[in-house]
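Only one structure is covered here, and it is reproduced in the block below.
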Amino acid sequence: MPMKAILNTAKEKMNKSSAVYQRDMQTLRAGRANPQLLDRITVDYYGTPTPINQVGNVSSPEPRMLVIAPWESSMIKEIEKAIQKSDLGLNPSNDGKIIRLVFPELNEERRKELTKVARKGAEEAKVAIRAIRRDAIEQIKKLKKDSAITEDDQRKGEDEAQKLTDKAIKDVDAICAAKEKEIMEI
């Protein structure tokens, strides 16, 4: 495998690691209603586990409220059950047509816990990115050992892998900082 392909593969994997971390942070409840919080929750729709956003409209009319308008009124009970079983800790209320989810104000202690969760996720993403860098550098060293590239090319490849790593880690740090700011906002 040529060095360019190794670096492109590493870059792609690092970007995916950042994207996974960002998606995880979107599902972290920060006292602010975000329709993406419900993306992980599935309901039994005629025997098939289906995401809530595929059985109704999810909107956020107020900063601390989500409204779910199911396309079929028979789904209201199923959606409520799924939300109560989830780890969100929310109590849904309905009026027969729509379901309302009211998000309580977060206290200081809970905010600090959530920032720790965000930092832990960031550290896990960084570890994954560094492992990708290590694999890329090992592949580059193998190319040198097999005499497919020169020593100068090896150094350039390792430098490039480090630059990709630095950029990916900077992206993860930016995502983490934005989430911490959102969590600590009152």
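Give the Debye-formula value of log10 I(q)/I(0) at each listed q (0.12, 0.13, 0.23 Å⁻¹), with one equal scatterer per alpha carbon of the range 1-93, two decimals each. Values returned for q = 0.12, 0.13, 0.23 Å⁻¹ are -0.49, -0.55, -1.17. Looking at the range 31-186, the accessible area is 61 square angstrom per residue; that uses a 1.4 Å probe and ignores ligands, DNA and RNA. Overall, the accessible surface of the range 54-186 at a probe of 1.4 angstrom is composed of carbon and sulfur to the extent of 49 percent.
Can you work out the PRE-style zone for residue 131? Point 7 Å along Cα to Cβ, and I want the residues of the range 165-181 with backbone N under 18 Å. Flagged as within label range: 165-166, 168-169, 172.
Counting helices only, and only those DSSP H runs with n ≥ 4, report the 222 nm mean residue ellipticity of the chain as the sum of -39,500 (n - 2.57) divided by its residues, in deg cm²/dmol to the nearest 500. Intermediate values should be presented prior to the final figure.
Numbers: 4 runs with 106 residues, N = 186.
Here the helix-only value at 222 nm equals -20500 deg cm²/dmol.
With 20 Å as the limit, the listed pairs 116/179; 16/144; 16/120; 144/167; 13/170 have 16/144; 144/167 beyond it between alpha carbons. With the dipole of the chain worked out from charges on the C-beta (+1 for Lys and Arg, -1 for Asp and Glu) around the Cα centre, which of 143, 42, 67 lies farthest toward the positive end? The residue sitting most towards the positive pole is 143. For the range 133-150, the Karplus equation 6.51 cos²θ - 1.76 cosθ + 1.60, evaluated at θ = phi - 60°, returns couplings of 4, 4, 4, 5, 5, 4, 5, 5, 4, 5, 4, 5, 4, 7, 6, 7, 9, 8 Hz by residue, with Gly and Pro reported as x.
The values are calculated or read from the model by the stated rules, or taken from the named source; none is laboratory data. All values derive from a computational prediction rather than experimental measurement. So basically every Cβ, Gly included, is an ideal-geometry build from the backbone, and we count neighbours across all protein chains shown. Ligands, DNA and RNA are stripped out before the accessible areas are found, and what is left, the full protein with its side chains, is counted by its heavy atoms. Shrake-Rupley method; radii C 1.70, N 1.55, O 1.52, S 1.80 Å.
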